[in-house]
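Read-outs: derived from the displayed coordinates by stated rules, not from any lab. Just so it is clear, the model here is predicted, and its values are computed rather than measured. Note that we place each Cβ from the backbone using ideal geometry, even for glycine, and neighbour counts take in every protein chain shown.
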Amino acid sequence: AQRVTQPEKLLSVFKGAPVELKCNYSYSGSPELFWYVQYSRQRLQLLLRHISRESIKGFTADLNKGETSFHLKKPFAQEEDSAMYYCAFRSYNTDKLIFGTGTRLQVFP
Amino acid sequence: EPEVTQTPSHQVTQMGQEVILRCVPISNHLYFYWYRQILGQKVEFLVSFYNNEISEKSEIFDDQFSVERPDGSNFTLKIRSTKLEDSAMYFCASSGPNQPQHFGDGTRLSIL
């Protein structure tokens with residue numbers, strides 16, 4: 001079955017520390033992977049899309065097909081990065097997004 | 001930047017009643033979606049809509065659910081006879097072809 005796994009419910013770091021939010025997917029074909037972020041009381045916002053290969057707000061994510069992973073990384077966390085982060089997956093023949101359960105990132109001053 | 005807008009932000013309804021959730025997608029988008037998130041659970045796909053018809057739906061989207069694009073701007077989700085387990089946050093999204101989906105703020109539906 002197609003599935004996205006985010007193993008950590010909560011990740012707490014201090015400001016300036018590196019951050020890695022883990023995401024693994026189950027799919028045998030070529031997926032499209034996304035990271036969405038939800039700041040407190042706000043909408044889900046697209047953060048990254050793997051095919052864009054860009055860095056947004058200092059975050060990067062690389063699709064590793066061998067490990068079926070799409071981990072989100074930032075070298076130096078900021079307090080404003082505190083939010084809920086959702087990894088999402090879409091297979092080639094569908095428009096629906098399959099979401100992980102999300103990881104709450106807390107960045108302490 | 002254009003946004004997907006959803007109304008109302010919070011809807012409280014008695015069990016068994018019909019409810020309509022409204023969404024205004026981004027104006028030049030052609031693909032529309034509904035998702036829901038039960039408290040403490042993951043965001044789940046309900047339905048996708050393109051060219052005035054449902055293109056895909058999940059197991060959750062049973063006969064109690066329907067979607068409609070009644071005019072050129074609105075996209076609605078109707079639940080005919082609500083159940084307690086329909087209580088959730090409902091998100092509307094829209095996209096262009098092969099583009100990422102943009103989400104609204106959501107409607108919190110509370111069934112009493």
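So if I place +1 on the C-beta of Lys and Arg and -1 on the C-beta of Asp and Glu, and nothing else carries charge, what would the dipole magnitude of the range A:3-108 be about its Cα centre? I want it in debye, nearest 20. Kindly include the intermediate steps, with their values, before the conclusion.
Details: 15 positive and 10 negative charges, 40 e Å.
About 200 debye.
³J(HN,Hα) across the range A:71-83 via Karplus (A = 6.51, B = -1.76, C = 1.60, θ = phi - 60°), whole Hz, x for Gly/Pro?
6, 9, 10, 8, x, 9, 6, 10, 4, 6, 7, 4, 4
Please arrange B:SER58, A:SER55 by counting, for each residue, the other beta carbons lying within 10 Å of its beta carbon, fewest first.
A:SER55, B:SER58
Taking 7 Å along the Cα-to-C-beta vector as the label spot, tell me the B:GLU85-A:GLN2 distance in nanometres, rounded to one decimal.
2.3 nm
Calculate the FRET efficiency for A:LYS73 and A:SER26 from the Cβ-Cβ distance with a Förster distance of 25 Å, rounded to the nearest 0.05. Intermediate results must be reported in sequence, preceding the final value.
Working: r = 21 Å, r/R0 = 0.86.
Taking R0 as 25 Å, the efficiency between A:LYS73 and A:SER26 is 0.70.
Return B:VAL67, B:VAL24, B:VAL43 ranked ascending by Cβ neighbour count within 10 Å, so the fewest neighbours appear first.
By the 10 Å Cβ count, ascending: B:VAL24, B:VAL67, B:VAL43.
Within the set A:LYS57/B:LYS78; A:LYS22/A:LYS57; A:LYS73/B:LYS78; A:LYS9/A:LYS57; A:LYS96/B:LYS78; A:LYS73/B:LYS42, which residue pairs have Cα atoms separated by over 28 Å? Show your work: numbers first, answer last.
On the way: A:LYS57/B:LYS78 38 Å; A:LYS22/A:LYS57 18 Å; A:LYS73/B:LYS78 39 Å; A:LYS9/A:LYS57 22 Å; A:LYS96/B:LYS78 19 Å; A:LYS73/B:LYS42 22 Å.
A:LYS57/B:LYS78; A:LYS73/B:LYS78, as the Cα separations exceed 28 Å there.
For the range B:5-111, what does the relative contact order come out to in percent, with C-alpha contacts under 8 Å and a separation of six or more?
38 percent
Tell me which GluC sites (Glu not before Pro) from the range B:1-81 have a DSSP coil assignment and no more than 15 other beta carbons within 10 Å of their own.
Taking the range B:1-81 and a limit of 15 other Cβ atoms within 10 Å, the loop GluC sites (Glu not before Pro) found are B:GLU3, B:GLU18, B:GLU59.
Can you give the relative contact order of the range B:1-45 as a percent, counting alpha carbon pairs under 8 Å and 6+ residues apart?
Averaging sequence separation for qualifying contacts and normalising by length gives 32 percent for the range B:1-45.
So which trypsin sites (Lys or Arg not before Pro) in the range B:54-112 pass both tests, a DSSP loop state and at most 16 other Cβ atoms within 10 Å of the Cβ?
On the way: sites: B:LYS57, B:LYS78, B:ARG80, B:LYS83, B:ARG108; in loops: B:ARG80, B:LYS83.
Sparse-neighbourhood loop trypsin sites (Lys or Arg not before Pro): B:ARG80, B:LYS83.
May I ask you to work out the translational diffusion coefficient for the range B:5-111 at 10 °C, viscosity 1.306 mPa s, via Stokes-Einstein with Rh from the Kirkwood sum over Cα pairs, reported in whole µm²/s?
116 µm²/s
Dividing the alpha-carbon radius of gyration of the protein assembly as shown by 2.2 N^0.38 Å (N being the number of residues), what value is obtained? Don't skip to the end; give the middle numbers.
Working: Rg = 17.6 Å, N = 221, 2.2 N^0.38 = 17.1 Å.
Taking the Cα Rg and dividing by 2.2 N^0.38 Å, one obtains 1.03.
Using a 7 Å offset from the Cα along the Cα-to-Cβ direction at both B:GLN14 and B:GLN41, what is the distance between the two label points in nm, to one decimal?
Between B:GLN14 and B:GLN41, the simple spin-label model gives 2.6 nm.
Can you tell me the order of B:86-99, A:39-52 when each peptide is scored by its average per-residue count of other Cβ atoms within 10 angstrom, highest first?
Sorting B:86-99, A:39-52 by mean packing, highest first, produces B:86-99, A:39-52.
Determine ³J(HN,Hα), in whole Hz, for all residues of the range A:4-17 in sequence, where each value follows from phi through the Karplus function 6.51 cos²θ - 1.76 cosθ + 1.60 and θ = phi - 60°; x replaces Gly and Pro.
Whole-Hz 3J(HN,Hα) from phi for the range A:4-17: 10, 10, 10, x, 9, 7, 9, 10, 10, 9, 8, 3, x, 7.
To the nearest whole number, what is the average tally of beta carbon atoms from other chains within 10 Å of the beta carbons of peptide A:96-102?
Across the residues of A:96-102, the mean count of other-chain Cβ atoms within 10 Å is 6.
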